[in-house]
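Colleague: Provided herewith is a single structure, encoded as structure tokens, for subsequent inquiry.
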Amino acid sequence: MKPPPLRWVRPASIAECVAQLAELGEDAKIIAGGQSLMPLLALRMAAPSVLIDLDRLTELDHVTPREGHVYLGALVRHRRLTADPAVAAACGLLPSAARHIGHPAIRNRGTLGGSLAHADPAAELPALMVALRAELICVSATAGRRNLPASEFFTGPYSTALAQDELLAAVRLPLPGPGTRYGFCEVSARPGDFARAGCACVLDLDPAGVIQDASTVLFAVSGAPVDVSRAAAGLRGLPAAEVDWRSVAAQLADTAELAATAAYTRRLARTVLRRAMTQAASGVTA
Amino acid sequence: MTSQAPRSQLTVSIFVNGTRRTAQVPARRTLADYLRDQLGLTGTHLGCEQGVCGACTVLVDGAPVLSCLMPIGQADERHVRTVESLAAAGEPLGSLQAAFAEQDALQCGFCTPGFLMAASALVGYPELSEDEVREALSGNLCRCTGYGGIVTAVAGYLRDSPVGERSPSWPRGPRSWSPWETWPPAGTGPGPAEPPALGRVPDRVARRPRPGAVLAVAAAVAAAAIAAGVAVAATRGRRGRERSHGTGHRLTDRWHA
């Protein structure tokens, strides 16, 4: 089908964009790359009367390291995540994970902010943000700017804490330390397909290889990213090289809140946990 | 400050196959519908209209894009290349198209324009392996040939294409491992930088002009459009919200049903 009748506006700045969001209220929807919203329009699952187009809002397309963090603008496209050396330098997890998003033509258009605001349960980037302990920077005309931890942003399938009049403008990630190791694994029926289960793992090791922190997040196994870091806290103090990752993965998969999901999903969860955590522990750049 | 009010009709100016086209277009219209309905460039096919099948793939500023997912306002001031740019009407096929014909890389032909445009973005990378070609084409669905002939045609064509024809959208960066994973992509972003002509290898075409193939494809398209629509609809019905896709990575027979 075709998108329903609608009106179109292209703000020239973030300030103009949030002013329009405040003015137009619930009738308006932000569009960036359109790779999630356009199918929803064609299927008539969404019918906003106005689209606010960010496609040319270049002030949202940036990768900015600053004071121990890197800021990624909402309009950074998936292709840039996979390919920009500045992204790889700031976070080695992003390029390897972003390669799993859709196909080349989709990665050419789709954006970081769009994927996060859409909050598909099978999407990679929301889980990455939680695993990386990102802050999501939201801007509105009335409340100004607020930074939300990723763990509080994703509230359910296709649901976020973003207010009606807010724009997700950027994310802020801590830069990796010398002992930061990444792991990522995803199982899908075919490359580029939606994930059936996936896991992102960020291990922090001290110089002796002892685990200081094990941030571990599953996706596509529930309505929102499933953070199993609390259950993984028992890994602290153990040398990464001596951990039996198979049994750790089995325990974490059992503790994760997956009770409502099928046994197959739980098996997949175990597999992706083991692979991602082994990869992180072995120090191979994911 | 809100300088603009939302509009239901947009005036857009788009470079289509090198020619600037200016038109009044409803804001809801997609680039695919604009190309087909307003410009009569019906070589760009619509299969699923929701970004799954890849039949509507065109090059926007040199990079493959699904034209069914691009609202017309986002195409303003961009360079769009459609399958019609590969060979003018009545002229011999372009060399990439000829490679498809030689390898029997099509049956009904409905998906072919999408494959041709996705493959066009790889021109100038003779070193691509078949696996890399498969990944580059993984967003395009074919429901009748399987993918072997298509991959062979594209990989063979790229091997034979002169390096000087390297597509501007895929500069080989120092750390890039494949042409669709490079940054920055020259030629993206708004602006009038016209991508050079896509590669032609006149020798092969001159030896084997295949105008009949064009007619055959044209004749098959109407029926194929219906068949492909049914196939996609049936697939989605069975698989729910999952996207089916593939260029043969672990493709099983049930996906050909």
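The values are calculated or read from the model by the stated rules, or taken from the named source; none is laboratory data. Please read these numbers as outputs of a predicted model, since none were measured by experiment. Glycine gets a Cβ as well: all are built from the backbone with ideal geometry, and neighbour counts include every protein chain shown. Areas reflect the complete protein model, heavy atoms only, side chains present, ligands, DNA and RNA absent. Shrake-Rupley method; radii C 1.70, N 1.55, O 1.52, S 1.80 Å.
Colleague: Considering A:ALA117, A:ALA122, which residue is closer than 24 Å to A:ALA90 by Cα and either assigned to a strand (DSSP E or B) or touching a residue at least 12 places away in the same chain (Cβ under 8 Å) (or both)?
Modeller: Exactly one of A:ALA117, A:ALA122 is closer than 24 Å to A:ALA90 by Cα and either assigned to a strand (DSSP E or B) or touching a residue at least 12 places away in the same chain (Cβ under 8 Å) (or both), namely A:ALA117.
Colleague: B:PRO6 - would you say it is under 19 Å from B:SER120 (Cβ atoms), of a type outside the set (D, E, K, R) and facing chain A (nearest Cβ under 10 Å)?
Modeller: Judged against the criteria, B:PRO6 is not a match.
Colleague: Scan segment A:20-50 residue by residue and report those that are closer than 20 Å to A:ARG145 by Cα, open to solvent by 30 Å² or more (accessible area, probe 1.4 Å) and within 8 Å of chain B (Cβ to nearest Cβ).
Modeller: Of everything in segment A:20-50, those that are closer than 20 Å to A:ARG145 by Cα, open to solvent by 30 Å² or more (accessible area, probe 1.4 Å) and within 8 Å of chain B (Cβ to nearest Cβ) turn out to be A:GLU23, A:LEU24.
Colleague: With the requirement that a residue be among the small types (Gly, Ala, Ser), surrounded by 24 or more Cβ atoms within 10 Å (Cβ to Cβ) and more than 9 Å from chain B (Cβ to nearest Cβ), what does segment A:77-116 give you?
Modeller: Passing the criteria: A:ALA97, A:ALA98, A:GLY110, A:GLY113, A:GLY114, A:SER115.
Colleague: Now for a different question. Counting only residues that are open to solvent by 40 Å² or more (accessible area, probe 1.4 Å), part of a loop (DSSP other than H, G, I, E, B) and over 24 Å from A:PRO95 (Cβ atoms), how many does segment A:232-286 have? Spell out how you get there, then give the answer.
Modeller: Residues of segment A:232-286 that are open to solvent by 40 Å² or more (accessible area, probe 1.4 Å), as a first pass: A:234, A:236-239, A:241-242, A:244, A:246-247, A:251, A:254-255, A:257, A:259-264, A:266-267, A:270, A:274-275, A:278-279, A:282, A:284-285.
Keeping just the survivors that are part of a loop (DSSP other than H, G, I, E, B) gives A:236-238, A:244, A:257, A:259-262, A:284-285.
Filter once more, so that each one left must be over 24 Å from A:PRO95 (Cβ atoms): A:236-238, A:244, A:257, A:259-262.
Total meeting the criteria: 9.
Colleague: Tell me the residue from A:GLY223, A:GLY192, A:GLY177 that is away from chain B (no Cβ under 14 Å) and either surrounded by 24 or more Cβ atoms within 10 Å (Cβ to Cβ) or of a type outside the set (Ser, Thr, Tyr) (or both), please.
Modeller: Among A:GLY223, A:GLY192, A:GLY177, only A:GLY177 is away from chain B (no Cβ under 14 Å) and either surrounded by 24 or more Cβ atoms within 10 Å (Cβ to Cβ) or of a type outside the set (Ser, Thr, Tyr) (or both).
Colleague: For A:THR58, work out the one condition from (1) of a type outside the set (Lys, Arg); (2) facing chain B (nearest Cβ under 10 Å); (3) in contact with a helix residue (DSSP H, G or I) (Cβ under 7 Å, 6 or more places away or on another chain) it doesn't fulfil.
Modeller: Of everything listed in (1) of a type outside the set (Lys, Arg); (2) facing chain B (nearest Cβ under 10 Å); (3) in contact with a helix residue (DSSP H, G or I) (Cβ under 7 Å, 6 or more places away or on another chain), A:THR58 misses just condition (3).
Colleague: Scan segment B:48-101 residue by residue and report those that are within 11 Å of the chain's Cα centre (by Cα), within 9 Å of chain A (Cβ to nearest Cβ) and assigned to a strand (DSSP E or B).
Modeller: Across segment B:48-101, the qualifying residues are B:THR57, B:VAL60, B:ALA63, B:PRO64, B:VAL65, B:LEU66.
Colleague: Oh, and also: Taking helices (runs of 4 or more DSSP H) that fall entirely within segment A:1-99, which contain at least 1 residues that are of a type in the set (Asp, Glu) and modelled with pLDDT of 95 or more? Steps first, please.
Modeller: On the way: elements: A:14-24, A:37-42, A:78-83, A:85-90, A:93-98.
Ranges flagged: A:14-24.
Colleague: With (1) outside any helix (DSSP H, G or I); (2) open to solvent by 30 Å² or more (accessible area, probe 1.4 Å) as the list, and A:LEU136 as the residue in question, which single condition is left unmet?
Modeller: Only one criterion in (1) outside any helix (DSSP H, G or I); (2) open to solvent by 30 Å² or more (accessible area, probe 1.4 Å) is unmet by A:LEU136, namely (2).
Colleague: Given the conditions (1) outside any loop (DSSP other than H, G, I, E, B); (2) open to solvent by 20 Å² or more (accessible area, probe 1.4 Å); (3) more than 12 Å from chain A (Cβ to nearest Cβ), and given that B:ASP37 satisfies all but one, which numbered condition is not satisfied?
Modeller: Here B:ASP37 clears every test but (3).
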